[in-house]
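Inspection log for the structure reproduced underneath, given as structure tokens.
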Amino acid sequence: MGCDLFSLATKGVQSLHPYQPGKPVDELERELGITNIVKLASNENPLGPSPKALKAIEDAFQGLCRYPDGGGFKLKSALAERYDVVAEQITLGNGSNDLLEIVARAFADSDSAILFSQYAFAVYPIVTQSIGATAIEVPAVDWSHDLIAMAEAITDNTKLVFIANPNNPTGTYVSNDELVRFLDAVPEHVIVVLDEAYCEYIDDDHQDFPNSGLLLPNYPNLIITRTFSKAWGLASLRVGYALSHPDIADLLNRVRQPFNVNSFALEAALAVLSDDEYLASSQRTNTEGMKQLIEGFDRLGLAYIPSVGNFVAVDTGRDGVAVFQALLERGVIVRPVSNYGMPQHLRISIGLQHENERFLTALAEVLGRNRV
Ligand SMILES: *Cc1c(COP(=O)(O)O)cnc(C)c1O
């Protein structure tokens, strides 16, 4: 072909850098020819799936030739009951990433600005650029969203603000007071997306974490997104949901693809919602694993960013990508975050006890320190 295909793409797409996923276990196995690999790179649930999810999928096999329920009636009903909203306030997504994109396409275009924080989740700039909107990145304070500065950065053409709470990859969070002050300062024409992918991990020690559902009636411009990929252990199935004012849900439902969540995802998500034991076990594993990693970092004299998620960013004190590579050679996959402007940090997902141990031992080796 004679023509330059690249130049056919929109400006935003031309300047896009694709999302960098965690390195898959299979890939490293092929490269190294070893099998006992530990992956702590994608904030996945280390417990494996809930048995209730597996059973639900098995039961759904016979429906493979049918389209899924495009309205997601059963899952929406269960979510509505659990989170004290009505089904008309819920939009289902192919993972919550799907919802982030649907929101952007519904409310912004190439004349719009979309606001998010420095160090915020990498999908926000991707979504922004893919629709040709202008990204405004507001400097963080102590690795966390500066909501006061973010409110001040809003202009007439700001259509959308993304807030990750807790934030990935830093693990920081904004408190209820900070959030309410922000929402009070935001003009009504600006949609605020509160991305709560990790909210199930918040424990009783963090009473100031927003109970965002309670804010919905007061702020019709608020959209809460959540996912079944993390604490609920269904990352592979791709299912998330948004809670909002019914009028907003109606708009989002116009933009989404008609069958964006498949039958197995719908059934498995419904099944895990009634598996409180699994959720409690996810939370317990996370609390214990976080403690184990932090104690390990303390012993190694490494600084880390205190996190309320299922991951923690640690400052290796040297080139993070080099440490990442050296860990790979030892069969441990973690996540470099240089693409976030954090060249010395690595993001470690909380694993099972023996996985965390493998990582800490490998890290001590790589850094040339003895484990105490
Ligand atoms: C993991 C994550 C998501 C969830 O992604 P899914 O598409 O639901 O798997 C959303 N937001 C943030 C900040 C995340 O880290």
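The values are calculated or read from the model by the stated rules, or taken from the named source; none is laboratory data. All of these numbers come straight from a predicted model, not from anything done at the bench. Don't worry about glycine lacking a Cβ; one is built from the backbone with ideal geometry, like all the others, and counts go over all protein chains shown. Accessible surface is based on the protein model in full, side chains and every heavy atom, while ligands, DNA and RNA are left aside. Shrake-Rupley method; radii C 1.70, N 1.55, O 1.52, S 1.80 Å.
Sorting 244, 338 by accessible area puts them as 338, 244; the probe is 1.4 Å, largest comes first, and only protein heavy atoms count. For a test of the definition: using alpha carbon positions, the gyration tensor, and the 1.5 limit on a/c, classify segment 304-346 as rounded, prolate or oblate. Oblate, because a/c is 1.5 or more while a/b does not exceed b/c.
Segment 174-241 and segment 337-368 have their alpha-carbon centroids 28 Å apart. Please list, in order, the residues from segment 288-312 whose amide nitrogen is less than 19 Å from a point placed 7 Å along the Cα→Cβ vector of residue 54. Within reach of a label on residue 54, which here means backbone N under 19 Å from a point 7 Å along Cα→Cβ, segment 288-312 contributes nothing. Ligands, DNA and RNA excluded, the heavy atoms of residue 59 present near 100 Å² of accessible surface to a 1.4 Å solvent probe. Of all DSSP beta bridges in segment 61-274, what percent run antiparallel (nearest 5)? Within segment 61-274, antiparallel bridges account for around 35 percent of the total.
Distances between placed amide hydrogens fall under 5 Å for residue 316 paired with 345, 346, all partners being 5 or more residues away or on another chain.
I need the shape label for segment 1-128. Rule: rounded when a/c is under 1.5, else prolate if a/b > b/c, else oblate, with a, b, c from the alpha carbon gyration tensor. Judged from the Cα gyration tensor, segment 1-128 comes out oblate (a/c at least 1.5, b/c at or above a/b). Each helix, a run of at least 4 DSSP H residues, gives -39500 (n - 2.57); summed and divided by the residues of the chain, these come to -11500 deg cm²/dmol at 222 nm.
Listed by number, the DSSP H helices of the chain that run 27 Å or longer by alpha-carbon position along their axis and have mean Kyte hydropathy of at least -1.0 are 276-300.
Counting Lys and Arg as +1 and Asp and Glu as -1 over every other residue whose Cβ lies under 15 Å from the Cβ of residue 344, the net charge comes to +1. As a fraction of the 1.4 Å probe accessible area of segment 61-274, surface on carbon and sulfur atoms comes out at 49 percent. Computed 3J(HN,Hα) for segment 159-170, one whole-Hz value per residue from the Karplus formula 6.51 cos²θ - 1.76 cosθ + 1.60 where θ = phi - 60°, is 9, 8, 10, 9, 10, 9, 9, x, 8, 10, x, 8, glycine and proline marked x.
Rolling a 1.4 Å probe over the protein chains gives residue 352 an accessible area of about 50 Å². Excluding same-chain neighbours fewer than eight residues apart, the lysines reachable from residue 76 by a Cα-Cα span under 28 Å are 52, 55, 159, 230.
Per-residue 3J(HN,Hα) values for segment 218-228, derived from phi via the Karplus relation 6.51 cos²θ - 1.76 cosθ + 1.60 with θ = phi - 60°, read 8, 10, x, 8, 9, 10, 9, 10, 9, 9, 9 Hz in sequence order (x marks Gly and Pro).
For segment 87-124 versus segment 247-317, the spacing of their alpha-carbon centroids is 18 Å. Seen through its C-alpha gyration tensor, with square-root eigenvalues sorted a ≥ b ≥ c, the chain comes out rounded because a/c lies under 1.5.
Overall, segment 61-274 carries a charge dipole of about 1000 debye about its Cα centre when +1 sits on the Cβ of Lys and Arg and -1 on the Cβ of Asp and Glu, all other atoms neutral. The mean accessible area for residues of the chain, using a 1.4 Å probe and ignoring ligands and nucleic acids, is 46 Å² per residue.
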